[in-house]
Structures are given as structure tokens and as C-alpha cells.
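Report on the following structure.
The values are calculated or read from the model by the stated rules, or taken from the named source; none is laboratory data. What you see is a predicted model; the values in this text were computed from it and never measured. All Cβ positions, even for glycine, are placed from backbone atoms using ideal geometry, and neighbour counts span all protein chains on display.
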């Protein structure tokens, strides 16, 4: 469903991503983990045409994300790392606009707002939302129209534990429906619970990819945290008595 073929992106002298080869099969969930600046967000942005490859290509259902952007965006629900919300527009109206742009049924709006626990805020302007409310609204916008693909960049950012669990449940529901999902997260537990496979990024490259069992077996690690440390070179903190 999603294929990165030698994808690379440079911003001037800065190499954000290089030689990314990654396939996400239909109905599969792949989690991206890695330090800040390791290329995860750039990789997700390329999927929805927000950055154009400097090398290689990215395809969704056989469509090139750089040249068939409109068709690809109709397939993909995208939650960015930093969500920009319109000024002076209520949550209900903003989601109705999203529905029109996606060609979805606007009657979904009220149910989606309720599902992300924002029904009571339907008539509030979205630019006054807290960080957690913004994140839940952004997920509702990504889910509208039941897209075939979800690209989620830090879906639990700014959320308290209750909100993070809600988001996890919503992603799990989409996964159970057969949605193809690619998500980045700094929450290793979230990734371990949701992802069929995990891609570990460091220095703009995918350094390891596989199921949790494959990664732990291949690195000799006991869990995803140890995999992360070994692949990215993050040493544990030494405790001083």
C-alpha cells in the first residue's frame, strides 16, 4: 500500500532523510521510532506531498505522492506533528470543511467529535483549544471519511494518560477495520502495542525494521526499549549513589 523507494530529502546542506526503503502492506501498522531529527517527520510528510523527494520516490496504492498529490491525499488521513487550526471557526464547522474537502459525509462530524470526547466543545472555536483538545480534534480530522491510510505523527503528543489511551483505542479500532497505518511516536509502549512492525530511525536512515520479535532476536534485546538503545546508540543513565 505504501512504498518508499530510496527516498531521500535534503534541505540545503542538511540531509533530513536518505536511502529510505520501506514497505507498509495493506492493513499493516508500522511504527517509526528514533531520536528527534532522525527523519521520521520528513518521511511522513513525503507521504502526503508536503515535502518532495530529493531522491527516490514515495507511492501510495501505486500513485506517486509527489506527482499525484490530490489522489493520494484522498486516500490518506494525516495528523501532523504540529496542527495548525483556523481562526474563529468552530470545531463542528472545521470538521464539516474537512468532510467536504475529502468528499465524505458531513453527517459523520457529530459522531466523530463525540468519539474523541469533544462533543461538548462542538460550538467552540478551535483556535482556543488546549493542546490536548487540539490533538484529539486533529485525529478526528484525520479519521473523517474512513481513509484507507492513516499517517500519524506523534498522535499522543500533549495528551494526558486518559487522552493517550483514547487515541490508542481509536488507532486500534482503525487497525481492526483494515486501515493501513504508519505512525511515529516517542512512546515506545504505544508503538509496541499498536505496530505490526517497527522501523528504527537514526541519522536520517532506517537502521532496523521488523516485528518486535525479529528486532529483539536480532539485537539480543529483551524489549523495544533495549532495541532502541542498541540501534540508536543511546546509553542508559548511570545512577550515582
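Residues of the stretch 152-182 being surrounded by fewer than 19 Cβ atoms within 10 Å (Cβ to Cβ), on the phi > 0 side of the Ramachandran plot and modelled with pLDDT of 90 or more, which ones?
Of everything in the stretch 152-182, just one residue is surrounded by fewer than 19 Cβ atoms within 10 Å (Cβ to Cβ), on the phi > 0 side of the Ramachandran plot and modelled with pLDDT of 90 or more, namely 178.
Quick check on my filter: what residues within the stretch 42-55 are surrounded by 19 or more Cβ atoms within 10 Å (Cβ to Cβ) and not in a helix (DSSP H, G or I)?
From the stretch 42-55, those surrounded by 19 or more Cβ atoms within 10 Å (Cβ to Cβ) are 42-49, 51, 53; that's our starting set.
Scanning the stretch 42-55 gives 48, 49, 51, 53.
From the list 158, 106, which one is free of Cβ contacts under 8 Å to residues at least 24 places away in the same chain, farther than 27 Å from residue 23 by Cβ, in a loop (DSSP other than H, G, I, E, B) and in contact with a helix residue (DSSP H, G or I) (Cβ under 8 Å, 6 or more places away or on another chain)?
Numbers: 158 fails: free of Cβ contacts under 8 Å to residues at least 24 places away in the same chain.
When all the criteria are applied, what remains is 106.
Given the residues 125, 171, which is the only one that is in contact with a strand residue (DSSP E or B) (Cβ under 7 Å, 6 or more places away or on another chain) and farther than 22 Å from residue 30 by Cα?
Numbers: 171 fails: farther than 22 Å from residue 30 by Cα.
Within the list 125, 171, the selection yields 125.
With 77, 39, 62 as the choices, which residue is buried (at least 19 other Cβ atoms within 10 Å of the Cβ), within 26 Å of residue 173 (Cα to Cα) and at pLDDT 90 or above? Even if it seems obvious, please write down each step before you answer.
Numbers: 39 fails: within 26 Å of residue 173 (Cα to Cα); 62 fails: buried (at least 19 other Cβ atoms within 10 Å of the Cβ).
Step by step, each of 77, 39, 62 is checked, and only 77 is buried (at least 19 other Cβ atoms within 10 Å of the Cβ), within 26 Å of residue 173 (Cα to Cα) and at pLDDT 90 or above.
Kindly indicate whether any position in the stretch 63-83 is within 20 Å of residue 202 (Cβ to Cβ), outside any strand (DSSP E or B) and in contact (Cβ under 8 Å) with a residue 60 or more places away in the chain.
Just the residues of the stretch 63-83 that are within 20 Å of residue 202 (Cβ to Cβ), to begin with: 81.
Next cut, outside any strand (DSSP E or B) only: 81.
Now drop any that are not in contact (Cβ under 8 Å) with a residue 60 or more places away in the chain, which leaves 81.
Yes, the stretch 63-83 contains at least one residue that is within 20 Å of residue 202 (Cβ to Cβ), outside any strand (DSSP E or B) and in contact (Cβ under 8 Å) with a residue 60 or more places away in the chain.
Which condition number in (1) closer than 21 Å to residue 146 by Cβ; (2) touching a residue at least 12 places away in the same chain (Cβ under 8 Å); (3) surrounded by fewer than 18 Cβ atoms within 10 Å (Cβ to Cβ) is the one that residue 194 fails?
For residue 194, the failing item is (3).
Across the stretch 211-224, what is the number of residues that are surrounded by fewer than 17 Cβ atoms within 10 Å (Cβ to Cβ), free of Cβ contacts under 8 Å to residues at least 24 places away in the same chain and outside any helix (DSSP H, G or I)?
Residues that pass the stated criteria total 3.
Tell me the residue from 117, 108 that is within 22 Å of residue 167 (Cα to Cα) and more than 21 Å from the chain's Cα centre (by Cα), please. Before the answer, list the steps.
Working: 117 fails: more than 21 Å from the chain's Cα centre (by Cα).
Only one candidate passes the filter, namely 108.
Considering every residue within the stretch 12-34, establish whether at least one is part of a loop (DSSP other than H, G, I, E, B), under 13 Å from residue 204 (Cα atoms) and touching a strand residue (DSSP E or B) at 6+ places or on another chain (Cβ under 7 Å).
To start, the set of residues in the stretch 12-34 that are part of a loop (DSSP other than H, G, I, E, B) comprises 12-13, 25-28, 34.
Remaining after also requiring under 13 Å from residue 204 (Cα atoms): 34.
Adding the requirement that they be touching a strand residue (DSSP E or B) at 6+ places or on another chain (Cβ under 7 Å) leaves 34.
The answer is yes, given that some residue of the stretch 12-34 is part of a loop (DSSP other than H, G, I, E, B), under 13 Å from residue 204 (Cα atoms) and touching a strand residue (DSSP E or B) at 6+ places or on another chain (Cβ under 7 Å).
Could you list all residues from the stretch 176-210 that are farther than 21 Å from residue 45 by Cβ, in a helix (DSSP H, G or I) and in contact with a helix residue (DSSP H, G or I) (Cβ under 7 Å, 6 or more places away or on another chain)? Walk me through how you get there before you give the answer.
The initial filter retains those residues of the stretch 176-210 that are farther than 21 Å from residue 45 by Cβ, namely 176-178, 188-189, 192-193, 196, 208, 210.
Checking the rest, the ones that are also in a helix (DSSP H, G or I) come to 176, 188-189, 192-193.
Across the stretch 176-210, the qualifying residues are 188, 192, 193.
Pick from the stretch 111-131 the residues that are part of a helix (DSSP H, G or I) and modelled with pLDDT under 90: which of them is nearest to residue 97 (Cα to Cα)?
If we filter the stretch 111-131 for residues that are part of a helix (DSSP H, G or I), which is where we start, we get 111-115, 119-121, 126-128, 131.
Now narrow it down to the ones that are modelled with pLDDT under 90: 126-128, 131.
Details: 126: 13, 127: 15, 128: 18, 131: 21 Å.
Per the criteria, the residue is 126.
State all residues of the stretch 132-155 that are in contact with a strand residue (DSSP E or B) (Cβ under 8 Å, 6 or more places away or on another chain) and in a loop (DSSP other than H, G, I, E, B); if no residue qualifies, say none.
Answer for the stretch 132-155, where residues must be in contact with a strand residue (DSSP E or B) (Cβ under 8 Å, 6 or more places away or on another chain) and in a loop (DSSP other than H, G, I, E, B): 144, 145, 147, 148, 154, 155.
Among the numbered criteria (1) part of a loop (DSSP other than H, G, I, E, B); (2) under 18 Å from the mean Cα position of the chain (by Cα); (3) more than 20 Å from residue 185 (Cα to Cα), which one does residue 7 miss?
The single condition residue 7 does not satisfy is (1).
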